[in-house]
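Each value in this text was obtained by applying a stated rule to the coordinates, not by laboratory testing. Predicted model only: the values in this text are computed from it and were never measured. Quick reminder, even Gly has a Cβ in these numbers, built from the backbone with ideal geometry, and neighbours come from all protein chains shown.
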Amino acid sequence: MGAIRAWIRATNDMGYGSLHLLRAQALAEAAAREGIDAITLLLDRAGSERIGSELPNGVAVETMEGLTPEQEAEAIAIKIKEFVPRRIDSGHKRPLVYLLGGGFDPDYQRAIWRAGAEVVLIADDPVPTWADWFVLPKPYAGEVSIESRSGYTRFLRGSHYAPLRFASMKAIYRNSEHRTFARKYAIATENLDLEWLGRIAGVLAKLEAPAVAKDWKPALKLLPSVECPPDDELRKAVGDASGLDVSIAKDRKHVIGEMLEVDLLFSADNTILQEALALGTVRIALPRKGLEGEDRMVDHLVRREASLPLPGLKSPELDGQLQAALLRASFDPAWRRGQNRIGQYLCDGIGSVRLIRQTAFGAYAVPQNLVRYFEPADPMLREI
């Protein structure tokens, strides 16, 4: 078989933070590790600045910006043209084009598909598709119906749900300590209404620990992303939390080191929540900023006992229910131990590798949302 070439196009969608970019980064790492010969990321300028310097050797980055969807699809078709095999039975694989995020309508996909690429669409919601592979990363949302315009789209579900990079996977796997009581709290501020900071800090500062938690003193750390407000605005949002030790992580790009010290995490739906699930960190999921209606991620975690339910910010019952949630999540050892297994079951941390193996090499036909990443018996752990 000839060289396998892959182009990865990731959008920087508002509302998801850096999720699609980090999916692209994890996918590029997996493609390089699995031996794809040439890998090119197609990003906008902000995305290139965000992850361009953190990619494996041999992964190229090209900037795509200021084009209409039609112009962009045509530009990708031109890029792959010389690598499309002239004969179906030539033994050469079609170039792979991975599309990560929203905005890739059927006409966009069709233009690239007709140009001769094998198209892999990774989207969080089912849409009509011309792709050869449709990957729905989240393992929730009930039954879905995806209309294949080409007639033979293959469907993967639950793969690439938690796009962990290899450095994160190694760090998480080495960390086996899960403390009985919570002392170190964190709030991930990406995609989160900052009003939550003051409410959480206020209740935490007044929380009274049971007698069994001797010398208990809580510390709160904010984990901001590169898109979040400056530190002084975050501190202002925390407000008056008398007696509570509040700090802000210095590194806005890499928080996995901070995550290994967290006993209880508050987070909206973004990458850090996925890493917390993989680690087995106790977490309380919060709604995404600006979301109208039900947040299916929060509902998904609550239904599976992977998070505690909370009312909305405007509810007069919030402080009381938040206090009850903190008492249980901080001082109930049995419940805290349960979060370790539940989170790891929901999170397929090596989804990027499995996705590359299936789409590029036709291997690994394991149901994606049933794979337990952190089981010691998983042979891939020893490989990594």
Bin width 10 Å, alpha-carbon pairs only: give the P(r) of the chain as whole percents, running from 0 to the bin holding the largest distance.
-> 5, 23, 32, 23, 12, 4, 1, 0
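Starting from the Cα-Cα distance between ARG174 and SER53, subtract it from 0.36 nm times their residue separation and give me the gain in nm to one decimal.
Values: separation 121, 0.36 × 121 = 43.56 nm, distance 2.56 nm.
Contour length minus the Cα-Cα distance gives 41.0 nm.
How much length, in nm to one decimal, is gained on full extension between GLU305 and ARG183, taken as 0.36 nm per residue of separation minus their Cα-Cα distance?
41.8 nm
First measure r as the distance between the Cβ atoms of ARG337 and ARG235, then evaluate 1/(1 + (r/R0)^6) with R0 = 25 Å and state the FRET efficiency to the nearest 0.05.
Working: r = 34 Å, r/R0 = 1.35.
Working from the Cβ atoms, E equals 0.15.
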Please identify, among TYR185, TYR152, TYR108, the residue showing maximal mean-square fluctuation in a Gaussian network model of the chain using a 10 angstrom Cα cutoff.
-> TYR152
Give, as a single signed number, the net charge of other residues whose beta carbon lies under 14 Å from the beta carbon of GLY362, with Lys and Arg counted +1 and Asp and Glu -1.
-> +2
Tell me, what HN-Hα J-couplings in whole Hz come from the Karplus equation 6.51 cos²θ - 1.76 cosθ + 1.60 at θ = phi - 60° for each residue of the stretch 72-84, using x for Gly and Pro?
-> 5, 4, 5, 5, 5, 4, 5, 4, 8, 3, 6, 9, 7
Step through the residues of the stretch 98-111 one at a time and calculate ³J(HN,Hα) from phi using the Karplus curve (6.51 cos²θ - 1.76 cosθ + 1.60, θ = phi - 60°), rounding each to whole Hz and writing x for Gly and Pro.
-> 9, 10, 10, x, x, x, 9, 6, x, 5, 4, 4, 4, 4
From the backbone phi of the stretch 237-242, what are the Karplus-calculated ³J(HN,Hα) couplings (6.51 cos²θ - 1.76 cosθ + 1.60, θ = phi - 60°) in whole Hz, Gly and Pro given as x?
-> 5, 5, x, 8, 10, 4
At most 16 other Cβ atoms within 10 Å and a DSSP loop assignment: could you name the GluC sites (Glu not before Pro) in the stretch 244-301 that fit?
-> GLU261, GLU292, GLU294
Amide hydrogen neighbours beyond the local backbone of LEU310, cut-off 5 Å, H modeled | none
Spin-label point model (7 Å from Cα, Cβ direction): what's the LYS214 to GLU74 distance in nm?
-> 7.5
All-pairs Cα distance distribution in the stretch 168-345, expressed in whole percent, bin size 10 Å = 10, 41, 40, 10, 0
Listed residues PRO69, PRO95, PRO137, most fluctuating in the chain (Gaussian network, C-alpha, under 10 Å) = PRO69
Separation of the LYS250 and GLU294 label points, Cα + 7 Å toward Cβ, nm = 4.5
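How much of the DSSP bridge set in the chain is antiparallel, in percent, rounded to the nearest 5? It would help to have the intermediate numbers written out before the result.
On the way: 0 of 44 bridges.
Of all bridge pairs located within the chain, approximately 0 percent are antiparallel.
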